[in-house]
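The values are calculated or read from the model by the stated rules, or taken from the named source; none is laboratory data. From a predicted model like this one, the values you see are computed outputs, not experimental measurements. Methodologically, a virtual Cβ is constructed for each residue, glycine included, from the backbone with ideal geometry; neighbour enumeration extends over all protein chains shown. SASA here: full protein model, heavy atoms, side chains in, ligands and nucleic acids out. Shrake-Rupley method; radii C 1.70, N 1.55, O 1.52, S 1.80 Å.
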Amino acid sequence: MFKRTISVILAVLLVFAAASVAFAAEPARETGDGAQKTPVIYFDSETAGWSDAKYIGFHIWEIGAAAFSDWGGKAERGTRVLEYDGEIVIDTPSLVWQFDFAAKGITLEDGKQYGVIFYNDKGGQTYNLLFDTTCLGDTAYCDVDNVYENPEDSSKETLPAFWEHQDPTINGPQKVISSVGNVVGTCIPKSMTAQTLFEDFLVKTLDNARTFSLKDDQKLLDDIGADLGLTADEVKESLEKADVSSSWKYNSSTLEKEHEDPDPQPEGSVISFDANSAGWTDSAYVGFHIWEVGKGSFFEWLSKKEYGSDPDHDGVWSYDLGANGIKLDPAKHYGVIFYNEYGMEQTYNLLFDTACFGDIAYCADDAILENPVDSDKKTKAAYWKKQDPTVNGPEMIVTTIGTVAGVCIPKGLTAFDLFLDFLLYNFGAAKEYSGLTEHQLIENVAKELGLTVEDVKDAIRIAGITPDWNEARSELEHEAIEPGAPTREPCTADIAEGAGIVSADKKYLVINYSLQPEYAYDTVTLTAVPAYGYAFVKWQIEGDYEIADDSDLSSTELTIKAFSAISAHAEFKEEPQTEPMRGDYDSDKEITIMDATRAQNIIAELIERPDNEFIVAVDADKDGELTILDATRIQRVIADLCDWDGNPLPVSEPDELPLNPA
C-alpha cells in the first residue's frame, strides 16, 4: 500500500516534468486539431495487430526527396505513449507509439507533404501514408478490413493506414497505379495531379499492365481514367504527351468527352523508322513505301510522296500519313518497306495498323530474312519497338523455295491460306530449287505454319494437285478431337511398294464401343492412282472391316465398312508402257472431252504440269507445245469436224432428202 502511494506521488510529480509529453500531446492526439503544433505524430499499433511489437519504426521522407534516416535504424524508432486516465499519467505503456520530430532533429515545413511507413520488429509494415504539418498531434490507425494490393507486387497485400482526423484525399494513403493497372490509395501527392500520375504510368508501367491485367488497352485505360476522375480528352492528351502507341480510341471510350471526334484520324497518324539501326547513317532521305495488304501501294516507288523527314537530324525519320492524305482503317493491315536514296537498300515487308501510330521501327542486328522475291538475296527485317511482332511485325510468307519467312500473318488470312497460296503458285518453283522431295517440302512448310495432317489434305484437295506426299509417313500432328466427341481412331492409307498416290475420304473412323454387341461403324472409300509407268495390284488392309460394295481388294476404288481402326496399304507394280495416244492427256487410253478439260487445267496451272516428254508424246496438234489450240483440236476431233492434223472432214449426205412442203 505504501509502495503504491509513493508511485502515485512520483507520478504526480512527473506530470509537471513530462507535461510536454503527456498533457500537451494527449489532448492534441484526441482532438487532432493541431492547434498546439506539437511536432509529434502517433500510431496505434493495436489496429494493425502488432500488440507484441518490441518497437515500431517510423520511416519518413519528404515527397520527391530521400528519407530522413536509414530504414530500420534506431533514429526511426518511436516510443510508447504512457496510459492517461484524464487526470494523471499511469505508469503503464500503451499500444500507441509516438514519433517526436524535434527530438529526432527533423523540422517539417508548412506547405510541404511527407510520407511515412510504420513497421515493426517482425517485418510487418504499412502502406505509404501521406501527411503535412496539419497532421501533427494526430494518430494513424490501420483498417484491417480494407487491405490494399501491393503496388509493386500485385500478388501481395498491404495494410493501409489513415489519420483519425484528416480527409484521406488530402492526407491519406498515397494514390498510385499498381503494376497491373489498378488504382490504389486515396491521396494524390501535392506535387502531382491525376493526369501526371496517369502519364507516369503510361511511360513506366503500361507494358507490364498490358501483360498481366488481361485487359485490352481500351478497357485498361478507361478503367484507370475512371478511377482517377479523368475525361477521355485528358486520356487522349496524356497518350500524346507520353508518346505511347496504344489501340485506345477516343470515340470508343466510356469516359466523359468534351465532344465526339467524328474523324480522329489522320491526327497523330505518324510512323517512324530509325535508319541508324539499318546502318543508313548518311542517307540523303528515307522512303516509306506503303500499301494496304491485298491491294496496291498508295504512291509509286521512289516518288517524293514517299519521302520521310528527319527534322532533328538524329537519323530517326518520320512519315505523316495524314499529311499525305492516307487514311487507315483500324481493322485492316498495311505494309511498309523502308528504303534509302535511289532504293539501293531496303527492308523486308513490315506490317502495321493504327496501333503503330507514334511508334518507331528499327532493324535488329541478327534479323536477316530471305528475300521473298529473290531467294538468292537477303534483306533486313524491321520491327516496331512497342508492338507484339506476331500482331504487327515482319509479314509471314512462304518464299519461292518453300521457306517460311516473317512472323506476322496479315489480318483476314490464316496459316492455312498461306499454305494453300503456296501450293497454287510457288510449289512448282520450290520443288525445282529447294532440293527437297515433294513430301519433304510439304512437311517442312506445314510444320513451320503449325498445320495438321488434316489441314494439308484439305489444302491439297482444294488446290487440285496430286503431290507425292504420304500421309502415313507424315510427322505432322493430327487435328485435335473435340471434347466429348465419340471415340475416334485414325485411318491410315499409304503405299506398300511401287509408286502412286493413295487417299482415304475420312480423317477419322468413328467407333462407338458403347453399342454392344453391335458396333456403330463408319464407311471409308480408299482410292489408289498409279503413277505413270506403274499399275495398281491390290489393297492390303489391317483391321476389322467388310467390303461395302461389289468391288474387291484389287479395285482401285474400294469402299469398306470399318468396325475398328484400319491401316490400308496400296501395292503397285511397274508396267511396260505402250506409245501414248495423241491427245490422251489423262492417260485413260480413250479420247474424250475430259482430255480437253485436263489440257486446259494444265495450261491454267490448276493441276501439276507433266514433264515435257509426256506433253510432246500426246501433243494434239503436234506443234511441240501445250496451248489452248490442243484443247480445241481435241474438241473438234470428238465432234468429227476435223482429223488430228486439222483437215476438215467431208460432210456426209443424208440418206433421204428432206420433205419439201412446196
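Name the one entry in Val456, Val445 that is farther than 29 Å from Glu557 by Cβ, part of a helix (DSSP H, G or I), modelled with pLDDT of 60 or more and open to solvent by less than 40 Å² (accessible area, probe 1.4 Å). Please lay out each step first, then the result.
Working: Val456 fails: farther than 29 Å from Glu557 by Cβ.
Checking each option against the conditions leaves just Val445.
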**Message:** Can you tell me which of (1) open to solvent by 60 Å² or more (accessible area, probe 1.4 Å); (2) touching a helix residue (DSSP H, G or I) at 6+ places or on another chain (Cβ under 6 Å) is the one Leu629 doesn't meet?
**Reply:** (2)
**Sole exception among (1) closer than 19 Å to Ala463 by Cα; (2) without any contact (Cβ under 8 Å) to a residue 12 or more places away in the chain for Gly624, by number** = (1)
**Prompt:** Can you name the residue in segment 155-192 that is of a type in the set (S, T, N, Q) and surrounded by fewer than 17 Cβ atoms within 10 Å (Cβ to Cβ) and, of all such residues, is modelled with the lowest pLDDT?
**Reply:** Ser155
**Request:** Sort out which residues of segment 387-433 are touching a strand residue (DSSP E or B) at 6+ places or on another chain (Cβ under 8 Å) and acidic (Asp, Glu), and write them in order of number.
**Result:** Glu395, Asp421
**Asked** Among the strands (runs of 3 or more DSSP E) confined wholly to segment 504-571, which include 3 or more residues that are modelled with pLDDT of 75 or more and open to solvent by 50 Å² or more (accessible area, probe 1.4 Å)?
**Response** 534-542, 545-547
**Message:** Under 9 Å between Cβ atoms, which residue pairs at least 6 apart in sequence (or on different chains) link something in segment 319-330 that is at positive phi with a partner that is assigned to a loop (DSSP other than H, G, I, E, B) and at pLDDT 80 or above?
**Reply:** Gly325/Phe298
**Prompt:** What number of residues in segment 257-278 are open to solvent by 50 Å² or more (accessible area, probe 1.4 Å) and at pLDDT 90 or above?
**Reply:** 1
**Item:** Single unsatisfied condition, Asp586 versus (1) in a strand (DSSP E or B); (2) within 24 Å of Glu432 (Cα to Cα)
**Value:** (1)
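Considering segment 585-620 alone, what residues qualify as being farther than 28 Å from Tyr425 by Cβ, in contact with a helix residue (DSSP H, G or I) (Cβ under 9 Å, 6 or more places away or on another chain) and of a type outside the set (Ser, Thr, Tyr)? Give the derivation first.
If we filter segment 585-620 for residues that are farther than 28 Å from Tyr425 by Cβ, which is where we start, we get 588-592.
When the remaining residues are screened for being in contact with a helix residue (DSSP H, G or I) (Cβ under 9 Å, 6 or more places away or on another chain), the result is 588, 591-592.
Matches in segment 585-620: Asp588, Ile591.
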**Item:** Failed condition for Arg636, given (1) at pLDDT below 90; (2) assigned to a helix (DSSP H, G or I); (3) farther than 30 Å from Ile462 by Cα
**Value:** (1)
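Would you mind stating whether Asp619 is at pLDDT 90 or above and either crowded, with 18+ Cβ neighbours inside 10 Å or under 25 Å from Leu423 (Cα atoms) (or both)? Quick ask: steps written out before the conclusion?
On the way: at pLDDT 90 or above: yes; either crowded, with 18+ Cβ neighbours inside 10 Å or under 25 Å from Leu423 (Cα atoms) (or both): yes.
Yes, satisfied.
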**Close pairs from segment 100-111: first surrounded by fewer than 16 Cβ atoms within 10 Å (Cβ to Cβ), partner part of a loop (DSSP other than H, G, I, E, B), Cβ under 6 Å, at least 6 apart** = Ala102/Pro39
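Output the residues belonging to segment 316-347 that are in a loop (DSSP other than H, G, I, E, B) and more than 19 Å from Lys386 (Cβ to Cβ).
Taking segment 316-347 and keeping what is in a loop (DSSP other than H, G, I, E, B), we get 321, 325-333, 344-345.
Residues satisfying the conditions are Gly325, Ile326, Lys327, Asp329, Ala331, Lys332, Met344, Glu345.
One line per residue, one yes/no per condition, for (1) over 25 Å from Leu328 (Cβ atoms); (2) in contact with a Ser or Thr (Cβ under 9 Å, 6 or more places away or on another chain):
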{"site": "Asp388", "(1), (2)": "no, no"}
{"site": "Val404", "(1), (2)": "yes, no"}
{"site": "Lys411", "(1), (2)": "no, no"}
{"site": "Leu423", "(1), (2)": "yes, no"}
{"site": "Ala429", "(1), (2)": "yes, yes"}
{"site": "Ile442", "(1), (2)": "yes, yes"}
{"site": "Ala463", "(1), (2)": "yes, no"}
**Asked** Consider Asp216 against the criteria (1) open to solvent by 50 Å² or more (accessible area, probe 1.4 Å); (2) at pLDDT 90 or above; (3) not small (Gly, Ala, Ser): it satisfies all of them except one. Which criterion is unmet?
**Response** (2)
**Asked** Quick one: how many residues across segment 562-584 are over 45 Å from the mean Cα position of the chain (by Cα), in contact (Cβ under 8 Å) with a residue 40 or more places away in the chain and on the phi < 0 side of the Ramachandran plot?
**Response** 7
